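J.: Got a structure for you, written out below as structure tokens; questions coming shortly.
The values are calculated or read from the model by the stated rules, or taken from the named source; none is laboratory data. None of these values were measured; they are calculated from a predicted model. Note that each Cβ is placed from the backbone with ideal geometry, even for glycine, and that neighbours are counted across all protein chains shown. Each accessible area value is taken on the protein alone, full model and side chains, heavy atoms only, with ligands, DNA and RNA left out. Shrake-Rupley method; radii C 1.70, N 1.55, O 1.52, S 1.80 Å.
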Amino acid sequence: MTARTGAVIAISSHVMRGAVGNRAIVFALETLGLATWSVPTIVLPYHPGHGASTRLTFDDAGFARALAELGSSRWRGEISAVISGYIAGPRQAEAIAALVEGLKADNPGITYLCDPVSGDEKGLYVPEKTAAAIRDRLLPLADIATPNRFELSWLTGRPIDDNSAAVDAALALGPREVVVTSAHAFIRDGVAALYVDERQAVLAEHGRLENPPNGLGDLFSALYLAARLAALSPAEALEKSTASVYEVLARAIREGADELQLERNTSGFTAPFAKVGLRQLMHPARHRRRK
């Protein structure tokens, strides 16, 4: 993969206070030197986990027109990638799909990362129609997907009781690169991210830290995309992004912060000190070659 430095369109939620959604994505990408065009799907004063948080929404037709104008603007040739996270409804998925399809028609080399933000171990936290639109419209266009384990299970209709099942589900999901951001760790009390493509499965893991602030998935997706655009190999991108997120998380917990302190951790985006363990997992392609 050749390094690319063009603009990234970042599409996700925006909070007035905090480091979730596009606040995390845009900050990370711009800190790493990537011009970023920020598209909010919804605006809130802060993450709803902190309490009542009024949703400022966009009408679907206006959102679609704005994306169409952005995608047909005279600067469209600057775009090297699109990343999408939380969306506020199925019509937004249609508008994002139209944007990506138009950009890829002109430049097939554009990278689209879809973080299918839709739920966690407690279940879906978006309407089922929204989750289905992510599955049916966005993931088929994605080059990279970064679901958590629950999302991967829901999107593929498969139970994921171990990493072998996670590898199989990731291969069935569609995108050529899938990173499962809450895979099963081998170390005791560990947290893991699992990279899967048609040839390999690589696990990155570190110790678990309790009561993490929100925004880790958003930050990971942005850092992983930036690493791949910088031509790091998938394994290198996985290791570096996981280490960076762990370092940011550890500092936030150490300081008792209720949000990730991204502005105080920019050095960790480029050269994290945190160490994570990497291990190759059995992959169906390697199993077939042995027969």
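J.: Looking at the stretch 19-46, which of the residues that are small (Gly, Ala, Ser) and either open to solvent by 30 Å² or more (accessible area, probe 1.4 Å) or in a strand (DSSP E or B) (or both) is nearest to PRO212 (Cα to Cα)? Let's see the steps before the verdict.
T.: Narrowing the stretch 19-46 to residues small (Gly, Ala, Ser): 19, 21, 24, 28, 33, 35, 38.
Add one more test, that the residue is either open to solvent by 30 Å² or more (accessible area, probe 1.4 Å) or in a strand (DSSP E or B) (or both), and what stays is 33, 35, 38.
Working: GLY33: 27, ALA35: 29, SER38: 25 Å.
Across the stretch 19-46, the extreme among qualifying residues is SER38.
J.: Still on this structure: Which of the residues that make up the stretch 101-112 are open to solvent by 40 Å² or more (accessible area, probe 1.4 Å) and polar (S, T, N, Q)?
T.: ASN107
J.: Conditions first: (1) crowded, with 16+ Cβ neighbours inside 10 Å; (2) acidic (Asp, Glu); (3) free of Cβ contacts under 8 Å to residues at least 60 places away in the same chain. ASP115 passes all but one, so which condition is the exception?
T.: Only one criterion is unmet by ASP115, namely (3).
J.: Name the residue, out of ALA3, ALA66, ALA88, that is outside any loop (DSSP other than H, G, I, E, B) and out of contact with any Gly (no Cβ under 9 Å at 6 or more places or on another chain). Full working, then the answer.
T.: Working: ALA3 fails: outside any loop (DSSP other than H, G, I, E, B); ALA88 fails: outside any loop (DSSP other than H, G, I, E, B).
That would be ALA66, the only listed residue that is outside any loop (DSSP other than H, G, I, E, B) and out of contact with any Gly (no Cβ under 9 Å at 6 or more places or on another chain).
J.: Please determine, by comparing only the residues of the stretch 47-63 that are in a loop (DSSP other than H, G, I, E, B) and open to solvent by less than 70 Å² (accessible area, probe 1.4 Å), which one is nearest to SER244 (Cα to Cα). Let's see the steps before the verdict.
T.: Narrowing the stretch 47-63 to residues in a loop (DSSP other than H, G, I, E, B): 47, 51-55, 57-59.
Still in the list and also open to solvent by less than 70 Å² (accessible area, probe 1.4 Å): 47, 51, 53.
Numbers: HIS47: 22, GLY51: 28, SER53: 29 Å.
Applying the filter and picking the extreme gives HIS47.
A quick yes/no check of all residues on (1) modelled with pLDDT under 95; (2) surrounded by fewer than 16 Cβ atoms within 10 Å (Cβ to Cβ); (3) under 24 Å from VAL8 (Cβ atoms):
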residue	(1), (2), (3)
ASP120	yes, yes, no
PRO140	no, yes, yes
LEU155	no, no, yes
LEU173	no, no, yes
GLU177	no, no, yes
HIS184	yes, no, no
LEU203	no, no, no
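J.: Please find, among ALA145, ALA98, the residue that is under 18 Å from ILE9 (Cα atoms), open to solvent by 40 Å² or more (accessible area, probe 1.4 Å), of a type outside the set (Asp, Glu) and at pLDDT 95 or above. Give the steps one after another, and end with the answer.
T.: Working: ALA145 fails: open to solvent by 40 Å² or more (accessible area, probe 1.4 Å).
When all the criteria are applied, what remains is ALA98.
J.: Considering only residues that are in contact (Cβ under 8 Å) with a residue 60 or more places away in the chain and closer than 19 Å to ALA145 by Cβ, look in the stretch 77-91 and name the one that is surrounded by the fewest Cβ atoms within 10 Å (Cβ to Cβ).
T.: SER80
J.: Another question about this same structure. Please go through the stretch 205-229 and give me each residue that is aliphatic (A, V, I, L, M) and open to solvent by less than 20 Å² (accessible area, probe 1.4 Å), ordered by number. Lay out the reasoning, then the answer.
T.: Pass one, the stretch 205-229, residues aliphatic (A, V, I, L, M): 209, 216, 219, 222-223, 225-227, 229.
LEU219, ALA222, LEU223, LEU225, ALA226, ALA227, LEU229, listed by residue number.
J.: Which condition from (1) open to solvent by 70 Å² or more (accessible area, probe 1.4 Å); (2) within 20 Å of the chain's Cα centre (by Cα) is the one that VAL248 breaks?
T.: Among (1) open to solvent by 70 Å² or more (accessible area, probe 1.4 Å); (2) within 20 Å of the chain's Cα centre (by Cα), VAL248 violates only (1).
J.: Among the listed residues SER53, SER12, SER38, identify the single one that is closer than 30 Å to LYS122 by Cβ, of a type in the set (S, T, N, Q) and at pLDDT below 95. It would help to see each step written out before you state the result.
T.: On the way: SER12 fails: at pLDDT below 95; SER38 fails: at pLDDT below 95.
None of the others qualify; the one that does is SER53.
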